[in-house]
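Please read the structure below before turning to the comments.
The values are calculated or read from the model by the stated rules, or taken from the named source; none is laboratory data. Computed from a predicted model, the values in this text were never measured in an experiment. Here the Cβ positions follow ideal geometry from the backbone for every residue, glycine too, while neighbour counts run over all protein chains shown.
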Amino acid sequence: MIEAGQPLIQIEDLTKVFYTDEIETHALSGVHLSIRKGEYVAMSGPSGCGKSTLLSIIGLLDTPTAGKYHLNGQPVENLDFGARSRIRNQEIGFIFQSFNLIGDLTVYENVELPLTYRQKMPSADRKKRVMESLERVGMAHRVRHYPSQLSGGQQQRVAVARALAGHPSILLADEPTGNLDSRNGEAVMELLQDLHRDGATICMVTHDPRFAKHAQREVHLFDGKVVAEDELQKLMADAHV
Amino acid sequence: MKTLIQDVQYALRQLRKNRGFAVTAILTLSLGIGASAAIFAFVDATLIKPLPYKQPSRLVVLYESIPLGPRFHLSYPDYLDWKKVNTVFRSLDVYQNQGFMLGTPQGAQLADGARVSAGFFRTLGITPMLGRDFREGEDQASAQPTVLLSYAGWQKRYGGRKDILGQTVTLDGKPNVIVGVLPREFHFAPAEPADFWSTMLGTDRECRGCHSLYGVARLLDGVSFSTAFADISTIAKQLEKQYPNSNRNQSAYMLPITDVIVGDIRPVLIVLFSGAVLLLLTAGVNVTSLLLVRAESRKREIAVRGALGASPARLLRQLVTEGLVLAAIGSSFGLLFANFATKLLAGLVPKDRMASMPFLQGVGFNLDLLVFVLTISAVSGILVSLVPALRLPYSQSKENLEEGGRASAGSAWRRIGARLVVIELATAALLLVGAGLLVKSLHHLLQVDTGMEPKHLVTLQVAAPFSVYSKPEKAIPLERELSARVATLPGVKSVGITSSLPLGDADGTTQFVVIGRPDNGETNEVTYREVSSTYFATLEAKLISGRYFAETEDASKPPVTIINQAFAKLYFPGENPVGKRINYKGAPATSAMEIVGLVDEIKEGQLDFAPRAAFYIPFEQSPRPNFSLVVRATQASQPLLHEMSTVLHQIDPDIATFGGMSMIKRIHDSPAAYLHRSSAWLAGGFAVLAFLLGIVALSGVIAYSVSWRTREIGIRMALCAQRNSVIQLILAFMRNLLFGVRPWDLPTFFGVAVLLAGCALLASYVPARRAAKVDPMVALRYE
């Protein structure tokens, strides 16, 4: 078990290359990244810089072309599909830009969904966790509602509850405010901050500097590489971005 | 288990939410499964359930082959020789499917029955459920006749009383002792329906040329069918040499008993079952295509579930569960549909025909059918869900999580949906055309020239007790009195008598020679009938040359005959047959008959048979106690039939009547017409089902196409497109389909095309209308 302050995610010299026909696209080139337990990291950068690709690899939705990736001290870069599904279910909580709630499931069922994919979890435990998560995001009174009956901000709070229900090691948020107005966006950011204060490890992708400031640390990406903030400014200025 | 319940609940919820999809898919599966189950019920009853005999595969039916055909009766002396000489059968017995005149306190009644040799039931391996089997020797002419009751006959006629054993029943005027009751499950289709199974073989036991028996034999252990056939053929050859007068050109023929009992219906059922399986496949493909299109819309959901940790196996399980839920609902409705369709199909079989197919009694819902439905429903459920499930993305790519692969849905739809609909509608069109052609064929068949005017003709079959009316001095007065009294009934124009009604099975044949021509031993076998002098006039048959019989032409006058055109063409080509003489083969010269008339062919056999050579002789020169009345009337047949029966019973209450019907009904109910009508109904039924499936598929796929293009439609509506233009967008797809149907010149083809076009346009108009009502705000809303 990783203690607070220890690296939860350790990425070394990570590369991701996409092949389409005969074209090679280097989405990530030699990325080094370490996220400690309890840390709140924001990944930012211009469109196409590779931040979502990096988040997909961190979330085990995708695999790197080369490099090393340790999650909770375990190498995970070469795991098969099933093993990645299992670890994703146990260790990672996702918050998507477009919420990705399942329209035919109630709020309760949406939050319960990742727990149903766990082997041998008693339904009483599931219920307890679901209700705790929903109470944590202030949506416990909407358990019987369907996503279509909720506002965007409420849907994202349910999505956060779903991510929390599995007690993951890390929350991965991909532009969590991208589909929200500023008031709801702020509310979600406050919720993430609350979670962080309570000890959650968060890695958030955002292109909005206002929201990036909520994080403890900002990681800047440019052309598939992690760069320092001042270097990013220079590169962006050079590239007229 | 809980997750499985959750999957089922989710599947049900999805169906509730997507009612259009649910109704389309369930209806489609119900039709496919229902049609297959309905036909399977018949296949099960006929081809799968074993015949109710001991080791039925070792039983064979024996025939004598003669030039008229390979499956003719055996003569009693030949039966005895076959039985004695063969080395291949454990036992050989005979049966005769000939009913009885049953003596009752109310007078004689015709009773269904069969006559068998004493060892018949032992050969089949049947033991009576009550009483005993026939004993050896009980089938001898000198023995006291004994009878076994069928279970149905026992219940119907004796209320299932057990004290009937030892009682006597009068059959054909002779007391028969009831010795037992056959098991409930026993049936023997070639002799059914039969309430009474007697040992009274009604045949001339000395006459080797008198054929009236069918043989049933059980093969010795280790003897193959071909060995047995060879053995019995050798015996037939020896008998031919030994008895050239009676057995010339005769040989043996043998068939497995299964072929005899279900052989005729087997190909029909196989074709029907193939058609049903094709329908099921079509339904399955329809639902698969619907699920495929739906799977495109679920890519995002599946990607989200995967991202949340569902393994591919878990996702597959969920999708298969959803397919099974769909199939379970579909098969439940399918079973209801099958129950209805089975009853409908069984109802199409006339009662007398159903009676001759006892294995179909009680066809319908049973354990076999349930297992079949469960199996096809499970297989369908798995297959229809596996195909789309295997196409789903199990990598949780950003594209799938964000867009759900919407772009590919359109191409998938175009590739699969459109082609499928075209194929299905084309198949339905072909089936409809086939059904149309069969209906036309039936119409043509019913228009076949029967050689008579069937309108206002009424027929009634008469069976007078043989013991009383076998002599001419009794039979002729009966015929005369009956004709005279029926002729006085209101609405009767004329009355004719015949030994056998037209449109029968063309039996009643005899061999003859032409007087003045050398007899080279050839077999001249033709149909013959004894008819009254008024018969041809009553039928309004066409006299080509010569004359009809005179009323006075009885046994005291020189024998005369009238031949038909087919006879003249075959035996007197280019000659005028009138005045020529023919005689029965081997008969004394005094029975030679002069041909006094030539008539056009009257359909003595089936409607679709080629005209058969036939000659007619005066009834009064060869009277018989069993005959048929043909009455030309001016009134409806039913009241007249009742009055005719009343007249008969007034003359003699022991005379039985049966088979009363109009000639039109006789034509319509004839086996050929029945076969054509059934084929037309079945082809029509399949065509309608295929057509329904095609329309359902079209409607469903277009509805899904519309749902897929909701976003596009929303944008169009937001850009102020008129509703009509949106409807046109959807209908444009359908127009391409319809223009794909080639124009046919034949009215049948044209009618089908118009029908298809109308229904297809209607099927696409409904979703098009719905599409035109899309609210841009709803369509463009993200979630």
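Working carefully through the options A:H145, A:H141, find the one that is assigned to a loop (DSSP other than H, G, I, E, B) and away from every other protein chain (no Cβ under 12 Å).
After applying the criteria, what remains is A:H145.
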Self-check item: Filter result (more than 18 Å from B:P502 (Cβ to Cβ) and either modelled with pLDDT of 90 or more or part of a helix (DSSP H, G or I) (or both)) within region B:584-607
Solution: B:A589, B:T590, B:S591, B:A592, B:M593, B:E594, B:I595, B:V596
Quiz prompt | Members of region B:249-287 found to be in contact with a Ser or Thr (Cβ under 7 Å, 6 or more places away or on another chain), at pLDDT below 80 and over 21 Å from B:V43 (Cα atoms), listed by number | solution = B:N249, B:N286
Quiz prompt | Qualifying residues in region B:14-56 (those that are within 11 Å of another protein chain (Cβ to nearest Cβ) and surrounded by 15 or more Cβ atoms within 10 Å (Cβ to Cβ)) - the one nearest to the chain's Cα centre (by Cα) | solution = B:L15
Quiz item: Before we move on, is A:S151 under 22 Å from A:R88 (Cα atoms), within 14 Å of chain B (Cβ to nearest Cβ) and among the small types (G, A, S)?
Solution: no
Quiz item: So, of the residues in region A:28-60 that are touching a Leu at 6+ places or on another chain (Cβ under 8 Å) and either of a type in the set (D, E, K, R) or within 11 Å of another protein chain (Cβ to nearest Cβ) (or both), which turns out to be nearest to A:L221 (Cα to Cα)?
Solution: A:K51
Quiz item: Residues A:D208, A:D174: which one is surrounded by 23 or more Cβ atoms within 10 Å (Cβ to Cβ), acidic (D, E) and touching a strand residue (DSSP E or B) at 6+ places or on another chain (Cβ under 9 Å)?
Solution: A:D174
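Here's the yes/no breakdown for (1) buried (at least 22 other Cβ atoms within 10 Å of the Cβ); (2) in contact with an Asp or Glu (Cβ under 9 Å, 6 or more places away or on another chain):
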residue	(1), (2)
A:I87	no, no
A:Q90	no, no
A:D104	no, yes
A:L115	yes, yes
A:R129	no, yes
A:R142	no, no
A:Q154	no, no
A:G166	yes, yes
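Yes or no, residue by residue, for (1) farther than 20 Å from B:I617 by Cα; (2) at pLDDT 80 or above; (3) not polar (S, T, N, Q):
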residue	(1), (2), (3)
B:G417	yes, no, yes
B:I423	yes, no, yes
B:Q461	no, yes, no
B:E473	no, yes, yes
B:A487	yes, yes, yes
B:V495	no, yes, yes
B:L503	no, yes, yes
Exercise. Answer with yes or no whether B:D507 is within 40 Å of the chain's Cα centre (by Cα), modelled with pLDDT under 85 and loosely packed, with under 15 Cβ neighbours inside 10 Å.
Key: yes
Quiz item: Inside region B:446-495, can you point out the residues that are more than 32 Å from the chain's Cα centre (by Cα), part of a strand (DSSP E or B) and surrounded by 21 or more Cβ atoms within 10 Å (Cβ to Cβ)?
Solution: B:V495
Quiz item: Taking the stated definitions as given, is A:S133 in a helix (DSSP H, G or I), surrounded by fewer than 19 Cβ atoms within 10 Å (Cβ to Cβ) and touching a residue at least 24 places away in the same chain (Cβ under 8 Å)?
Solution: no
Practice problem: State all residues of region B:292-326 that are crowded, with 24+ Cβ neighbours inside 10 Å and not in a helix (DSSP H, G or I); if no residue qualifies, say none. | Solution: B:L308, B:G309, B:A310
Practice problem: Just give me the residues in region A:71-83 being at the interface with chain B (Cβ under 10 Å from one of its Cβ atoms) and more than 28 Å from B:V8 (Cβ to Cβ), in sequence order. | Solution: A:A83
Practice problem: Filter region B:163-191 down to residues that are closer than 30 Å to B:G263 by Cα and assigned to a strand (DSSP E or B), then give me how many there are. | Solution: 1
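Yes/no per residue for (1) in the same structural domain as B:D93 (by TED's automatic domain parsing); (2) under 30 Å from B:N245 (Cβ atoms); (3) out of contact with any Lys or Arg (no Cβ under 6 Å at 6 or more places or on another chain):
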position: B:L171; (1), (2), (3): yes, no, yes
position: B:P190; (1), (2), (3): yes, yes, yes
position: B:D195; (1), (2), (3): yes, no, yes
position: B:M200; (1), (2), (3): yes, yes, no
position: B:L213; (1), (2), (3): yes, yes, yes
Self-check item: Selection within region B:249-262 - surrounded by 16 or more Cβ atoms within 10 Å (Cβ to Cβ), not in a helix (DSSP H, G or I) and not aromatic (F, W, Y)
Solution: B:Q250, B:S251, B:A252, B:M254, B:L255, B:P256
Quiz item: Restricting the search to region B:38-84, which residues are closer than 15 Å to B:S251 by Cα and of a type in the set (V, I, T)?
Solution: B:V61, B:I66
Quiz prompt | Complete set of residues in region A:94-121 that are more than 7 Å from chain B (Cβ to nearest Cβ), of a type in the set (V, I, T) and in a loop (DSSP other than H, G, I, E, B) | solution = A:T106
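Scanning region A:110-134 for residues that are within 21 Å of the chain's Cα centre (by Cα) and among the acidic types (D, E), which turns out farthest from A:V188 (Cα to Cα)?
For region A:110-134, the residue satisfying everything is A:E112.
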Quiz prompt | From the options B:Q635, B:Q606, residue that is surrounded by fewer than 22 Cβ atoms within 10 Å (Cβ to Cβ) and more than 30 Å from B:I39 (Cβ to Cβ) | solution = B:Q635
Quiz item: Pairs, please: C-beta under 6 Å, at least 6 apart or cross-chain, first residue more than 11 Å from chain A (Cβ to nearest Cβ) and in contact (Cβ under 8 Å) with a residue 40 or more places away in the chain and in region B:292-308, second in a helix (DSSP H, G or I) and surrounded by 24 or more Cβ atoms within 10 Å (Cβ to Cβ)?
Solution: B:V293/B:Y704
